[in-house]
Amino acid sequence: MNDGVAPLDTRVFRFVGYDDPEQAGQAARLYLDILEQEVAMLEGAMTEGDSARAAAAAHRIKSHAGLVD
């Protein structure tokens, strides 16, 4: 069941991994690690009330999302 949510387009991981499943998996894990760090930076900026840092982190997160949209 999809509930109206589009599936992630993971072709970028296969592309970066040269169609090698192991390398594609490593690329996906790296993507998730970086995304987790960006979300933590956003949370920290929001907690500290630093709107400039929050905006920068949100922009990077949006850019990362575009890779799998």
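The values are calculated or read from the model by the stated rules, or taken from the named source; none is laboratory data. Nothing here was measured: the structure is a model prediction, and the numbers come from that model. So basically every Cβ, Gly included, is an ideal-geometry build from the backbone, and we count neighbours across all protein chains shown. Note: areas computed on protein heavy atoms with side chains; ligands, DNA, RNA excluded. Shrake-Rupley method; radii C 1.70, N 1.55, O 1.52, S 1.80 Å.
Counting every C-alpha pair in the chain, the share spaced more than 15 angstrom apart comes to 61%. Taking a point 7 Å from the Cα of Arg60 along the Cα-to-Cβ direction, the residues of segment 8-29 with backbone N closer than 18 Å to it are 28-29.
Neighbours of Glu38, meaning other residues whose beta-carbon lies under 11 angstrom from its beta-carbon, give a summed charge of -1 when Lys and Arg score +1 and Asp and Glu score -1.
Per atom type, the chain shows carbon and sulfur on 60% of its accessible surface, probed at 1.4 Å. Computed from the C-beta positions of Leu30 and Ala6, the FRET efficiency with R₀ = 25 Å rounds to 0.65. Over the chain, accessible surface divided per residue gives 78 Å², non-protein components excluded, 1.4 Å probe.
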